[in-house]
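Down below is the structure, laid out as structure tokens.
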Amino acid sequence: MASDLMDKLVSLCKRRGYIFQSSEIYGGTGSVWDYGPLGVELKRNLKDAWWRRMVRMRDDVEGLDAAILMHPRTWEASGHVDGFTDPLVDCFECGRRFRADLPEILTGQCPVCGARDSFSEARQFNLMFKTFMGPVEEDANVVYLRPETAQGIFVNFQNVVTAARQRVPFGIAQIGKAFRNEITPGNFIFRTREFEQAEMQFFVRPGDDDEWFEHWKAERMDFHRSLGLDASKLRFHPHGEDELAHYAKSAFDIEYEFPFGWKEFEGIHNRTDFDLSRHEEYSGKRMEYIDPTTNDRYIPYVIETSMGVDRTLLVVLADAYREEQVEGEERVVLGISPKLAPVKAAVFPLVKKDGMPEIAERLNAALRDAAIPSFLDAAGSIGRRYRRQDEAGTPFCITVDGQTTEDDTVTIRDRDTLEQVRVSADSLVGWIRDRVA
Ligand code: GAP
């Protein structure tokens, strides 16, 4: 049932232009996905919601956009060169590689060819993608595609303190691509090799870290609820000693109940002074903060909030997908919150005559002029047009009918309640704006 639901979601995403397999015409690239016309809008809306709440609405968080390629010493200092590994085994029969800790592997049977006890010893496999900088491909020129955005923030800590004149406690936030050569990717966009993170590192005085950790846990859960997600499918998962990353003193995941089970889509970590101390050690540059009022000197502790953008987008899609009966007919609906929906309104002329197409075009243009993404659809029966928009997640459908030509009013149909209201064409833009902003 779970795979059935995921299959339906994957196929809807392709059909409606949310997500396509990367390089599909060549047979696809493993676990890399492209966002289509609706997908890119949804992703942008999600990132905008995060940026607004984490940066624009706060005076204690600054934004940053650091480069993907960083000095290779960064990754030695951060511990990723030595420690960012998964244990891996080879099957002697079919030659496939697997994570050694997969439940299937622990039973001793190869999940691909079925061979028993034919695995190599486990080896550590580094998940960072390597490439070369400059024209010579030699070890001295190796650089990595960043596996997390966080390090771009740590190495810029002093720059931001000076330029933005921020005082601890304060944070630095950024959204950007990260890359991991995952051995067992899968579940659509859940675990991919190229993905985006929306991360914020909040620098605090050591000793204040536990209090700030609790603050950010609550704040981040509140953010996800504000996206209109089903609260009963959200929960915290505390990390046990064996789950903690090498840099973390304590950590909580925010999990969602996907069709394939409860899984993490955001991590809240107390990274202590690990990263800044290591960068001080490896770069030789001071990373301490001097409190301007007390003159105290210390390396701040860091509370990190790390949201996977693609994974959260999968949460939004999975949470929104539903199939239901309406007047004896089955309909598929993406009930995405109007704030996040890629297209906010669709305008339908009831028939292609009596001036209705012209009025519909005028209303569609008025919505677009107000920066409200809308779509004009004059093809097929009204019922079919509704179904298409329901599947695409469009919250409001506006119909121009015979009465419109007489009194300049239109009907607006709500995707979720199916209620219809009649409003004057003049008030349409304001009516929609009030519900999608
Ligand atoms: N800076 C901390 C950090 O990177 P993480 O728990 O490894 O922590 C944070 O990653 C978030 O990034 C995860 O909760 C997940 O949403 C996302 N993420 C990590 N690996 C991913 C992958 N291979 N594909 C998609 N999203 C991923």
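Table for the structure above
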quantity	calculated
Any hit, region 389-409, residues being in contact with a helix residue (DSSP H, G or I) (Cβ under 7 Å, 6 or more places away or on another chain), assigned by TED's automatic domain parsing to the domain that holds Pro349 and of a type in the set (Gly, Ala, Ser)	yes
Unmet criterion (only one of (1) in contact (Cβ under 8 Å) with a residue 12 or more places away in the chain; (2) among the hydrophobic types (A, V, I, L, M, F, W, C); (3) not in a loop (DSSP other than H, G, I, E, B)) for Val343	(3)
Among residues of region 179-207, those that are within 7 Å of the ligand (Cβ to nearest atom) and not in a loop (DSSP other than H, G, I, E, B), counted	4
Scope region 225-239; condition outside any strand (DSSP E or B), within 15 Å of the ligand (Cβ to nearest atom) and without any contact (Cβ under 8 Å) to a residue 60 or more places away in the chain; matching residues	His239
Helices (runs of 4 or more DSSP H) within region 62-161 that include 2 or more residues free of Cβ contacts under 8 Å to residues at least 24 places away in the same chain	103-106
Of all residues in region 128-167 being open to solvent by less than 10 Å² (accessible area, probe 1.4 Å) and of a type in the set (A, V, I, L, M, F, W, C), the one that is farthest from the ligand (Cβ to nearest atom)	Val143
Selection within region 168-178 - touching a helix residue (DSSP H, G or I) at 6+ places or on another chain (Cβ under 7 Å), open to solvent by 10 Å² or more (accessible area, probe 1.4 Å) and in a strand (DSSP E or B)	Ile175
Meets criteria (open to solvent by 40 Å² or more (accessible area, probe 1.4 Å), in contact with a Gly (Cβ under 9 Å, 6 or more places away or on another chain) and not aromatic (Phe, Trp, Tyr)) for Asp117	yes
Hits in region 1-34 - residues which are part of a helix (DSSP H, G or I), surrounded by 12 or more Cβ atoms within 10 Å (Cβ to Cβ) and among the β-branched types (Val, Ile, Thr)	Val10
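The values are calculated or read from the model by the stated rules, or taken from the named source; none is laboratory data. If you're wondering where the values come from, they're calculated on a predicted model, not measured in any experiment. So basically every Cβ, Gly included, is an ideal-geometry build from the backbone, and we count neighbours across all protein chains shown. Keep in mind that these areas ignore ligands, DNA and RNA; they rest on the heavy atoms of the full protein, side chains included. Shrake-Rupley method; radii C 1.70, N 1.55, O 1.52, S 1.80 Å.
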